[in-house]
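Peer 1: Could you have a look at this structure, given as structure tokens, before my questions?
The values are calculated or read from the model by the stated rules, or taken from the named source; none is laboratory data. Keep in mind that this is a model prediction, so the values were computed, not measured. With ideal geometry, Cβ positions are generated from the backbone for all residues, glycine too; neighbour counts draw on all protein chains shown. Accessible surface areas use protein heavy atoms only, side chains included; no ligands, DNA or RNA. Shrake-Rupley method; radii C 1.70, N 1.55, O 1.52, S 1.80 Å.
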Amino acid sequence: MLRFRNPGTQFSTQVQVLKLLYKTLGAESQFTLDDMALIIAQEKLMTAYGYSGITALQLCKTGDKSRNSAYNNAKMYAEVFRMLGWVTPAGDTSYPLVFTYIASHIAESEYDCHKLYEQCVLGINNPTELTDNMSYNENVRLFKCILQALIDLGSLNNRELCIGPMSVNDISVNDYTNMINHINNIRAKDILLQEFDKLSQNLRMAQNSIINCTRMPKALLKACGYIEDKTSRKFKITQYGIDTYNKIKVMKDLRLKEFNSYNEDIQLSLIRLGIYSMLQRAGYDLSDVKDVIVADNKKCEYILKGRDLLFSPYQTIKRTLIEKALGVEYGTKLYSEERPNTFTQKQKKEMKKHIKSLNLNVNSNIDEKILYEKDVQNFYERVINLKKKFVVNKKVIEHLFTEYRDSDLNSFYPLVVVVLKILGFNNVFSRQGDNGARWDAIIIDEEKSIPIEMKSPKEVSHISIKAIQQALENKIILLSRKTYITDKKTTSLAIGYYLPNERAEVNALISDIKNTYGYNIGVIDLKSLLSIAVSIIIDGKTFDKKYFYELEGLANANI
Amino acid sequence: MQIFSEQKIRNKISVLKQIPVNIEYIPNKKSVAYFKDGTECSLSCLNCKNSLCMKYLESEISFEEVPTFSLDTNNNVCPVNAIKWNSETESPEIDQDKCIKCGLCIKRCPVGAIYCDDSVKINTEKSSMQEIVLSDDTKELMQKKQIEEILSIPKRGTLFIETEYLLNEIYEKISNIRHEVHNIIVRNILLGLDCSCAIRRIGDVYTRMDAIYKSGDNSIGAMEIEFGRDTLDASRGILDDIAVLNTRYNISKEQNNPLVVCLQLPNARQGYWQVVKDIKVVEGIKINTISVGALLILLWNNKNLDISTNSFYADFDNMSIKKYVENIIERKIELLDDNIGIFAPVK
């Protein structure tokens, strides 16, 4: 089955990014993914952690390229552009890249290039000289095949698309007919899920990963207006799709194997005819090369037999021969631009502030009164028993932490309340049963009440931006409605199972909130709370509550 | 290297014999152009080289006040792509299945050649004040100058009369539209109301705010767009947006005039209106709330939106925005709004 990654597929954005890259790099450049990432960032076509431009690029930099979102963003565009025949490898390796003659036309277009884009979509075919190491070997012009299948079958859904057009050799009439019969048979026997499972096993791919491969083709079908733009499990062909298929089905569909069977002189003519016919169908004025077209057509008459040619050279073969045929030369020099690799001192300081983690100091005594409460007693006893069993505190904490991994709000909220009581916050109440309250729990204090936003692991495993937004809202509501007394600088807490995944962005938002409104938002994970509680119960350590009252940012109390 | 030029997609264009002094929109009928010599007629499509009914210019969708905002550059006037160029007839045409009757293309046409009776249509009947000419550089330049001149003349009248039937029809269509289109619908309506507006680029998961806008001379603000029912997300989002705009884009909290645009105004029980009031009490921030229907009514009445002079602040003490709309259009609105939620929450 053909595989497509799942990149951003907005037609207008693809054209916009191509135009921008071409404007900066030019036809003469050989360029890398890093070059692309830099230009995309400079032109603010990407953001990271709420920042755009070069700051975004710097924030994305990690030692591991697979986790560098700027690099991956550029890679995603490179893959789409390569698939559409807008960029191609400069040499025998995948990178650096160069633009193609088709890309020049897209980049220089005054209009939205929709028609040429469509020709590029129809140009997608397999196999090609550019896809040596692919794990699939179907011989198919995918979008022509999908259009034909949509006409023959009336509609397709994602799974049928994978089992059908994405897994067929449409070059063989028999194979194509068998595929259509197979899908009709699947429908008649209602065995789509079983057949899709078989496909998943054969490909050794997770079913979701296979389904994800349909996003790109479906987005291209929609962008070209070939399928109805509706959110539906089944997609149907439009009249425009039918008209397009009727036009292309009578064309000479030239594939790699046949192309390679001709001598170079014929190949050069076919390349010119392929590209010129794409441009002509896209509405370009080719009267200047009319004579060349006539001569090439004459030379290839025994192949074309009066038919128009459906062949996109850049999407099928390497660039050297194409450039020879067209008399053009792309990528004559390596693009080089000084890149900002280092942070300024000011930026470093800002970043440090963003990723600051507070280590809680554990140093005050447990209040005996709370030990009379049943929930607290139970927790206390469990910790003591676990200590006897595991000996080491760390294992006690790990055991408790793991036990609550799948807890919902009905078990998570009470646990947090008990742990906060052990930390010395006697008057803490969960809002369970109180639909009027916006916070999930509240530490009631004579002067400094603290609203708490909680996220159980069943809801979300990591504390999210949304929890921070809710903690801010809780603070404002408490100050406005004066349900309990508090002041501006007392923190508003967000508590969850794990600390946020997007730590830099959460820290940035907390810092933005402080700078704008003057409020402290504190974030604590369950393991930190358990660590403090266990150290209080077992080691008799004490905890100074004032650290909570003005906590800002992510708290982490690993012991 | 020879880069081929794209073929002209217009062999013929229409030019005016005289520039009208005024154009009047008439609900359910073709608009009427008035000329100095007393002639009155409906003008037909000019086949403009840059079809204003179809595309925004780059300058129209840019946002100068926050140049670093990662904005979406979709420049289609029709949010649902219902208006397309037909190269055979050499004029725009409207796909009635897609059209949501928002009126944006009608408002954009420089000569009022688009109108709506039972459906949105393009007037292609040539008038006595126009002539069809073969398109060449000279004629295109002449047409461009004429359009520039026409754009500066006043237009009066009303595009549509608001009715429950029409608004229900529009709301039903909008409710079934893909989520990604919601922000584009709102941006384009705001552009139609003479505001600047930039929406977050589709696919940008890091920019949380839906949009920023500027209306009048000074009113700039964060925008949250909520077509669903979880409007509490909108008020929370606004607080986040204000903080981000303050620290990262130098738009201070005091300067920020935030706007929440909903399809239906939030239900009274959802808590939204109370939180809006809390935010005003504690932070002094007045969140403006407006529905898509209210924005459309302003657009259809050929009005502009300026939040700095016409606040759309409503909260738990008064959840209606009807008087704000009536103030701008300078007349009472007779519309049963019980089930739509355009001016007040649905009961």
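Peer 1: Tell me which of A:LEU84, B:PRO258, A:THR177 sits at the most positive position along the dipole axis of the protein assembly as shown, charges placed on C-beta atoms (Lys, Arg +1; Asp, Glu -1).
Peer 2: A:THR177
Peer 1: Select from region B:25-122 those GluC sites (Glu not before Pro) which occupy a DSSP coil region and have at most 12 other Cβ atoms within 10 Å, ordered by residue number.
Peer 2: Those that pass, being in a loop and sparsely packed, are B:GLU64, B:GLU88.
Peer 1: Mind checking the per residue accessible area of the protein assembly as shown for me, 1.4 Å probe, whole number of Å²?
Peer 2: Per residue, the protein assembly as shown has an accessible area of 44 Å².
Peer 1: Sticking with this structure for a sec: Which FRET efficiency, nearest 0.05, do A:HIS399 and A:SER209 yield, Cβ-Cβ r, R0 45 Å? Spell out each step's value before the answer.
Peer 2: Working: r = 35 Å, r/R0 = 0.77.
E(calc), rounded to 0.05, equals 0.85.
Peer 1: Just how large is the dipole of region B:164-329 about the Cα centre, in debye to the nearest 20, putting +1 at every Lys and Arg Cβ and -1 at every Asp and Glu Cβ?
Peer 2: It comes to approximately 120 debye.
Peer 1: Now for a separate question. With a point put 7 Å past each Cα toward its Cβ, work out how far B:ASN75 is from A:LYS298 in nm, to one decimal.
Peer 2: 4.3
Peer 1: Summarise the partner chain shielding of A:95-104 as one whole number: the mean count of Cβ atoms from other chains within 10 Å of each residue's Cβ.
Peer 2: Across A:95-104, the average partner-chain Cβ count within 10 Å equals 1.
Peer 1: OK, next. How compact is region A:123-226 by the rule of thumb for globular proteins, expressed as Cα Rg over 2.2 N^0.38 Å?
Peer 2: That works out to 1.04 for region A:123-226.
Peer 1: Return, ordered by residue number, the residues of region B:181-208 whose backbone nitrogen is under 19 Å from a label point located 7 Å along Cα→Cβ of A:ALA504.
Peer 2: B:204-208
Peer 1: Right, another one. Given the alpha-carbon gyration tensor of chain B, what are the semi-axes of its equivalent ellipsoid in whole angstrom, ordered largest first, with each equal to the square root of 5 times an eigenvalue?
Peer 2: Working: eigenvalues 274, 108, 64 Å².
Over the Cα atoms of chain B, the ellipsoid semi-axes are 37, 23, 18 Å.
Peer 1: Can you compute the modelled spin-label distance between B:LYS347 and B:TYR34, with each label point 7 Å from Cα toward Cβ, in nm?
Peer 2: Between B:LYS347 and B:TYR34, the label points sit 4.3 nm apart.
Peer 1: What pairs in A:LYS249/B:LYS55; A:LYS19/A:LYS247; A:LYS458/A:LYS545; A:LYS389/A:LYS527; B:LYS101/B:LYS155; A:LYS218/B:LYS98 have C-alpha atoms more than 22 Å from each other?
Peer 2: In this structure, A:LYS249/B:LYS55; A:LYS19/A:LYS247; A:LYS458/A:LYS545 lie more than 22 Å apart at Cα.
Peer 1: May I pose another question? Eigenvalues of the Cα gyration tensor times 5, then square-rooted: what semi-axes does that give for the protein assembly as shown, in whole angstrom, largest first?
Peer 2: Numbers: eigenvalues 567, 304, 127 Å².
So the equivalent ellipsoid measures 53, 39, 25 Å along its semi-axes.
Peer 1: Something else about it: Which whole number gives the average count of other chain Cβ atoms within 10 Å of the Cβ atoms across peptide A:470-481?
Peer 2: Values: counts 3, 1, 4, 9, 0, 3, 11, 8, 2, 4, 9, 5.
Mean inter-chain Cβ contacts per residue within 10 Å come to 5.
Peer 1: Obtain the nm distance between the two label points defined at A:VAL391 and A:TYR111 by a simple spin-label model: each point lies 7 Å from its Cα along the Cα-to-C-beta direction.
Peer 2: The modelled label-to-label distance comes out at 8.0 nm.
Peer 1: When the helices in the protein assembly as shown are scored as -39500 (n - 2.57) per DSSP H run of 4 or longer and the sum is shared across all residues, what 222 nm value do you end up with, to the nearest 500 deg cm²/dmol?
Peer 2: -12500 deg cm²/dmol
Peer 1: Along the charge dipole of the protein assembly as shown, which of A:LEU529, B:CYS78, B:ASN183 sits closest to the positive end, that is, farthest toward it, with unit charges on the beta carbon of Lys, Arg, Asp and Glu (+1, +1, -1, -1)?
Peer 2: Final value for the positive-end residue is A:LEU529.
Peer 1: How many Cβ atoms of partner chains, on average, are near each residue of A:508-515 if near means within 10 Å of its Cβ?
Peer 2: Mean shielding by partner chains, rounded to a whole number: 4.
Peer 1: Can you tell me the mean projection area, over all orientations, of the convex hull of region B:215-277's alpha carbons? Units nm², please.
Peer 2: 4.5
Peer 1: With +1 on each Lys and Arg Cβ and -1 on each Asp and Glu Cβ, how big is the dipole of the protein assembly as shown about its Cα centre, in debye rounded to the nearest 20?
Peer 2: My answer is approximately 1460 debye.
Peer 1: Using a cut-off of under 19 Å, list every residue of region A:239-253 whose amide N is near the label point 7 Å from the Cα of B:SER119 along the Cα-to-beta-carbon line.
Peer 2: A:239-241
Peer 1: Here's another thing I want to ask about it. Sorted by packing (mean other beta-carbon atoms within 10 Å per residue), highest first, where do B:239-245, B:276-282 land?
Peer 2: Per-residue mean Cβ counts within 10 Å order the peptides as B:239-245, B:276-282.
Peer 1: Say the dipole of region B:63-216 comes from +1 at the beta carbon of Lys and Arg and -1 at that of Asp and Glu; which of B:THR89, B:ALA198, B:VAL111 then lies farthest toward its positive end?
Peer 2: Result: B:ALA198.
Peer 1: Now, a different point. For region A:380-535, would you read off the P(r) tail past 26 Å as a percentage of all alpha carbon pairs?
Peer 2: The answer is 27 percent, as a whole percent.
Peer 1: Lysines near B:LYS49 by alpha-carbon distance under 19 Å, same-chain residues fewer than 8 away left out - which ones?
Peer 2: Correct list for B:LYS49: A:LYS115, B:LYS8, B:LYS12, B:LYS17, B:LYS84, B:LYS107, B:LYS126, B:LYS139, B:LYS144, B:LYS145.
Peer 1: Enter the Cα centre distance for the pair region A:79-141 and region A:244-263, rounded to the nearest angstrom.
Peer 2: Centre-to-centre distance over Cα atoms comes out at 17 Å.
Peer 1: Rounded to the nearest 0.05, what FRET efficiency do B:SER152 and B:LYS126 give with R0 = 30 Å and r taken as the Cβ-Cβ distance? Could you check? Could the numbers behind the result be given before it?
Peer 2: Values: r = 24 Å, r/R0 = 0.80.
Efficiency for this residue pair is about 0.80.
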